[in-house]
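The block underneath contains the structure these notes are about, expressed in structure tokens.
What follows draws every value from the coordinates through simple rules; no lab data is involved. The model shown is predicted, which means the values in this text are computed figures rather than measured ones. Ideal geometry is used to build each Cβ from the backbone, glycine not excepted, and the neighbour counts take in all protein chains shown.
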Amino acid sequence: MVAKRQYSAATLEKRREASRKYKKANAEQCRAYARQYYWDHREQSLETSKRWKQKNPERARFFAQRWSAENKEYRREYNAIHRTRALNAARRRNGLPEPTRPCPDLCELCGSPPNGKCTVLAVDHDHETGLFRGWLCRKCNQGLGVFGDTIQGLQRAMDYLLRTTSAGS
């Protein structure tokens, strides 16, 4: 085995500066090489990264937060795409019907946008036939479920409100 060569601090700094200049002058070529190297040694790169994150959790969190702050638009687009894919996979897994129209921006029952923890509208479907009915916010979807997803359940709730409202007035 060859002994590692020792450089003085000044020589190390000169070498680093030369490397920075080269990378700046040949940025695209260096990026292409780094990409290719990563894919050629992907498993090794992932393992090295994992070990570093385990040894340096605070620095890893710092870099992740900084990247996240600097790439908000990219994250928003990426999350929207993957959220849609995840919802479609969950829909298929749970036996929910395929929607017959695209998801609107507002709930088809109350007219408000999805809010709170749930940032997308839910697929509402008839539990007896399994057919798609529409797109609802979480509150409306759960509200229909509380009343048994039936017209009779909602009618009983309306009758109760009419009865108690007119009696109290």
³J(HN,Hα), Karplus 6.51/-1.76/1.60, whole Hz, each residue of segment 78-86, x for Gly, Pro = 4, 5, 4, 5, 6, 5, 4, 4, 5
From the residues Thr150, Gln29, Ala3, which one has its Cα farthest along the dipole of the chain in the positive direction, the dipole being from +1 and -1 charges on Cβ of Lys/Arg and Asp/Glu about the Cα centre?
-> Ala3
Compactness ratio of segment 91-169: Cα Rg over 2.2 N^0.38 Å, N = residue count?
-> 1.28
Under a 5 Å amide H to amide H cut-off, with H placed in plane at 1.01 Å, what residues pair with His125 once short-range neighbours are removed?
-> Arg133
Which whole-angstrom value gives the distance between the alpha carbon centres of segment 1-72 and segment 88-140?
-> 45
Working from Cα positions, state the angle (0 to 90°, nearest 10) between the long axis of helix 151-168 and the longest principal axis of the chain.
-> 70
Quick numbers on segment 1-109, Rg and Dmax over C-alpha atoms in Å, give 23.1, 75
Using the C-alpha gyration tensor of segment 4-66, what are the square roots of 5 times its eigenvalues, in whole angstrom, with the largest one first?
-> 25, 19, 14
Where a Cα-Cα gap under 17 Å defines reach, which aspartates and glutamates qualify for Lys55, not counting those fewer than 8 residues away within the same chain?
-> Glu47
Angle in degrees between helix 57-70 and the longest Cα principal axis of the chain, rounded to the nearest 10 = 70
Using a Gaussian network for the chain with springs between C-alpha atoms less than 10 Å apart, which of these wobbles most: Lys21, Lys139, Lys72?
-> Lys21
